[in-house]
Amino acid sequence: MKTKDIKFLDIRHLRGPNMWTYRPVLEAIVDIGDLEDCPSNTIPGYYERLKDMLPSLYEHRCSYEEPGGFLRRVQEGTWPAHILEHVTLELQNLAGLPGGFGKARGTSERGVYKVVVRAWQEQVTHAALHEARELIMAAMEDRPFDVKASVEKLADMVDSLCLGPSTASIVDAADDRNIPCIRLLETGNLVQLAYGAAMRRIWTAETDQTSAIAEGISRDKDLTKTLLQNCGVPVPEGREVDSPEDAWEAAEDIGLPVCVKPVDGNHGRGVFIDLNTREEIEMAYKIAVDEGSGVLVERSIPGSEHRLLIIGGKMVAANRGDVVKVTGDGKHTIRELIDIQINSDPRRGPSESHPLSNIRIDSAARIELSRQKLDAESIPAEGREVLIQRNANHEFDVTDEVHPETAALASLAARIVGLDIAGIDLVVEDISKPLAEQGGAIVEVNAGPGLLMHLKPGVGKPRPVGKAIVEHLFPNNGTGRIPLVGITGSYGKTTVAQIIARLLTLSGKHTGLVCSKGVFFDRRQSETGDCARWEHMNRLLMNRAIEAAVFENGSDTIVGEGLAYDRCQIGVVTNLDVARHTGRHYIETPEQVFNALRTQVDLVLDDGAAILNAKEPMLVDMAPLCDGEVIFFAYDPALPVITEHLEQGKRAVIVRYGQIMLASREGEVSLAKLKDIPLTEGGKNVEQTENVLAAVGATWALGVSPDVMRTGIETFFVDQE
């Protein structure tokens, strides 16, 4: 077996919709060499070893559409490329990326396969492919493979490279609303929702509507408290202090117990509550002063700390913090008890996927322990409860318990500071009663609040906070889409793209065009050369000035890179000459060419349209694949396809009586005479006439007026010259 191997000839990242699926994938060209003669059922013990190494493969249904289906295929006999697909997906699943699309398909070259797997993040999937190959070869050769270490390696990559759970919840909610997303940083949480002029940006729980001034105010706790107090919002009495001695004087003036905290700290660092002695207060000052630019001393409010999440002026979630205690056993130190009784909870951990943080002996915990005449190395007696933190993780969901007056006050606090999304911290004994009845108060207003506590509360119902943020950014079921036109086919694509862009510009929209002649913004060319590539298209979609976009997509782009957009309003297929598309990327048959070019039709939205050449039988076959309307165009109006289409009350763009006609249920309307359209040479140039028909069909579907279309096509060639 050692002379047999699985080799990667090439691995391509298809970064957008492609001939396989709507989602980004890695397409690996794999050579299994002599293993072509060794299906899995011919290798002694292979099935048992693979199943033992990765028992969760049982959940893969494969072609049998039932649990255990894939393993049954392995037992009956399948090839390494197919196994590579499933093992890669399962390793990603175990690393925290569940589900996913996969395919393994042979090529005309013996032993060479295309293995396609869903790629949430390119580097993670690339590593998973290689780990899967090693696992498969180990199972074949009956040698050890450390699955746990492999999964841990991938999980670490997921934690560092993929979107954090808070940002992912927003992106997933946008995806559910069919709003496109673009990640703007390769390893960060800055994400663009929607395209062009319709875009919004998020950075976890901050948006492009989050004011920098408001964020600055929220960091200054003293200023925040002053603004809230001036507007009648209950806040704790207190003031800023400048020395340990001043902190004690302030505490005496306010009345014990007090809270000491940084003026502009965050995440609870340097915050000490319920301090009663001068020693505690002065010690707390010395720690708090290092966490910010100043220190506040405030009256301690009785009760538990609560976090209310405000989005767009509405409270959408609320959590309550709780005290953290350990119980002595007479054997272990407090530090050890924390690890045994608290940090062993699987919900706790250092990563963003853990809803609860690990508890550590920090300065606040040391003060709590000293109050109890203990330290981290003390061994408490059996049964003795030891308080570690008074307000730890906001573990308990209490959204349904919040009193309406309290929710309204929290919303008011966010508006006073100026935040569209805010985490309002308040202390109260009973969240179901108004603050005024029990002396409760708002103690902090936070910009960019954490969402994980609401997505995965320790106790209680998860709240759809990502959905609430998307609804705030895109109210009234807005999709965040701009008119987007994609053009593919065998020839004429560039001309059609240029005409469509010209007509959209004339209609009053700032239009971006990416084609094989460059990148254009309205009539200005910003880049030259063949720019019909994913990179150029993606950049254009990030331009806030763009109100409409037109993209030329060659088959090489679809097959080798994927498309830059998830869906489009208009998909144009100009024509189809199979020979122009074969011989590259292992595309060798008419069926494969069809599957590549149909991608453009697959992406049309249900309120959009596919513009197809009626004289091409393969393009006519694409019509049923379109989720939206189909508008055929034809130089010959007598084609049976056109006749049938019009009889069904559908639209077409045709040539009749030397004129371009807009044909619909209402009849045929003349748009322009061919003799007035320079590009068509009076209709003698059939190919260019078809290009004009395709462009007219696309802009007609987008609602461009006949007058604008007529002016555009009659002046197009003249303007270009």
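Computed values, structure above
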read-out	value
Matching residues in the stretch 510-544 - criterion: being closer than 21 Å to S490 by Cβ and not small (G, A, S)	L513, V514, C515, K517, D530, C531, R533, W534, M537
Those residues of the stretch 71-98 which are farther than 23 Å from V158 by Cβ and either within 29 Å of the chain's Cα centre (by Cα) or not polar (S, T, N, Q) (or both), in sequence order	L71, R72, R73, V74, E76, G77, W79, P80, A81, H82
Residue among V233, V171, V147 that alone is within 15 Å of the chain's Cα centre (by Cα) and either at negative phi or of a type outside the set (A, V, I, L, M, F, W, C) (or both)	V171
Spans of strands (runs of 3 or more DSSP E) in the stretch 492-607 with at least 2 residues buried (at least 17 other Cβ atoms within 10 Å of the Cβ)	511-515, 518-521, 548-552, 568-573
Those residues of the stretch 683-703 which are among the small types (G, A, S) and either part of a strand (DSSP E or B) or closer than 16 Å to L503 by Cβ (or both), in sequence order	A694, A695, G697, A698, A701, G703
Some residue of the stretch 472-479 being modelled with pLDDT of 95 or more, under 23 Å from S211 (Cα atoms) and buried (at least 23 other Cβ atoms within 10 Å of the Cβ)	yes
Odd one out for L35, checked against (1) assigned to a helix (DSSP H, G or I); (2) within 38 Å of the chain's Cα centre (by Cα)	(2)
Entirely in the stretch 199-276, the helices (runs of 4 or more DSSP H) that have 2 or more residues that are under 25 Å from D362 (Cα atoms) and touching a helix residue (DSSP H, G or I) at 6+ places or on another chain (Cβ under 7 Å)	244-254
Among residues of the stretch 145-167, those that are assigned to a helix (DSSP H, G or I) and in contact (Cβ under 8 Å) with a residue 60 or more places away in the chain, counted	9
Which numbered condition G697 fails, given (1) surrounded by 15 or more Cβ atoms within 10 Å (Cβ to Cβ); (2) within 39 Å of the chain's Cα centre (by Cα); (3) more than 20 Å from V573 (Cα to Cα)	(3)
Strands (runs of 3 or more DSSP E) (entirely within the stretch 290-349) containing at least 3 residues that are more than 25 Å from N446 (Cβ to Cβ) and touching a residue at least 40 places away in the same chain (Cβ under 8 Å)	324-327
Flag for V496 being touching a Cys at 6+ places or on another chain (Cβ under 6 Å), at pLDDT 95 or above and more than 22 Å from R177 (Cβ to Cβ)	no
Hits in the stretch 361-374 (condition: surrounded by 14 or more Cβ atoms within 10 Å (Cβ to Cβ) and assigned to a loop (DSSP other than H, G, I, E, B))	I361, D362, Q372, L374
Candidates A197, A173, A205 - the one that is surrounded by fewer than 19 Cβ atoms within 10 Å (Cβ to Cβ), more than 20 Å from E535 (Cβ to Cβ) and either of a type in the set (K, R) or in contact (Cβ under 8 Å) with a residue 40 or more places away in the chain (or both)	A197
Residue count, the stretch 235-247 (criterion: crowded, with 19+ Cβ neighbours inside 10 Å and either more than 16 Å from V271 (Cα to Cα) or touching a residue at least 60 places away in the same chain (Cβ under 8 Å) (or both))	3
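The values are calculated or read from the model by the stated rules, or taken from the named source; none is laboratory data. All values derive from a computational prediction rather than experimental measurement. Quick reminder, even Gly has a Cβ in these numbers, built from the backbone with ideal geometry, and neighbours come from all protein chains shown.
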